[in-house]
Each structure stands twice: as C-alpha cells, then as structure tokens.
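Participant: Pasting a structure here, questions to come.
Nothing in this text is a laboratory measurement; each read-out follows from the coordinates by a stated rule. Given the structure is predicted, the values throughout are model-derived calculations rather than measurements. Neighbour counts run over all protein chains shown; Cβ positions are idealised from the backbone, glycine included.
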Amino acid sequence: ISSVAKGEFIRPGVYTLLEDVIAVDLGQGYIFRTRFNECWEVSPIFRRLLYQLSIFWSIPGVIISGTCTILIFTIDLEVGFAIGWGLPFLWVILWAAITVVVVGRWLKSQQRKAR
C-alpha cells in the first residue's frame, strides 16, 4: 500500500501481497517493485488478472474463515482444532494449485500474443 501515491486507488490484495513478498522477503527490492508497477501501469490485462485473482482468493477465504470459526465454537474441541487447522491448509493447497494453472495459461497466452 505504501507504494501507491497519496490519492491513488489502492491496488488489489494480490498485487500488494506479491509486491511485498517478492520485493522484501525474496530480496528483489526496488528493481522488482519498479518493474511490477510498470506492468500494472501499462497492462489492463495484467490488472484484470490481479483483480480476478484477488477475488478468487478473498471470497473463499472469508467463507473458509467464517466456517472454521463457527465450527470451532460449536463442535468437540479436538475435532474443531483439526478442522480449524486442516481446512484452511487444504484450501490453500488447492487454491494455490489452481492459481498456478490459471497464471501459467495466462502467461502462455500472453507469449503467443506477443509473437
């Protein structure tokens, strides 16, 4: 969020997450941030992909967290503990796999268009 100038719209959650993790945690720094921002600025297709991925991750995330919260407080402690830890992990693994496939297809289609 700090990469966005005052008064600009905040970018989607996936943009912010990718920018932070790759630039900071993976040590890619300012150069990555600059190039990532350039892609965002010039490519409506890239922006649409990141918006779609943000929705793809956020809506089920809210549903999973709400479901886990309800279950944790309404069922047996041990079962609730297992569901509270297991369900989110299973969801993340499944969603990550789907994301890899979707983004891979998107990248291939962009490469074909660029030729």
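Participant: Place +1 on the Cβ of every Lys and Arg and -1 on the Cβ of every Asp and Glu in the chain, take the dipole about the Cα centre, and give the residue among ILE72, VAL62, VAL21 whose Cα lies farthest towards its positive end.
Facilitator: Result: VAL21, furthest along the dipole toward the positive end.
Participant: Now for a different question. How large is the charge dipole for the chain, taken about the Cα centre, if only the Cβ atoms of Lys, Arg (+1) and Asp, Glu (-1) carry charge, to the nearest 20 debye? It would help to have the intermediate numbers written out before the result.
Facilitator: On the way: 11 positive and 8 negative charges, 177 e Å.
In total the dipole reaches around 840 debye.
Participant: Local charge sum around GLU38 (other residues, Cβ-Cβ under 13 Å, Lys/Arg +1, Asp/Glu -1)?
Facilitator: Details: positive: ARG33, ARG35, ARG47; negative: GLU19, GLU41.
For residues surrounding GLU38, the net value is +1.
Participant: Take each complete run of DSSP H in the chain, measure how far its Cα atoms stretch along the helix's own axis, and keep only those covering 18 Å or more with mean Kyte-Doolittle hydropathy at least -1.0; list them. Present the calculation step by step, with values, prior to reporting the outcome.
Facilitator: On the way: long enough: 29-42 (20 Å, -0.43); 44-74 (45 Å, 1.25); 77-114 (55 Å, 0.92).
Going by DSSP H runs, the hits are 29-42, 44-74, 77-114.
Participant: So how do 82-93, 42-53 stack up, highest first, on mean other-Cβ count within 10 Å? Please report the intermediate quantities before stating the final value.
Facilitator: Details: 82-93: 13.2, 42-53: 14.7.
By packing density, highest mean first, the sequence is 42-53, 82-93.
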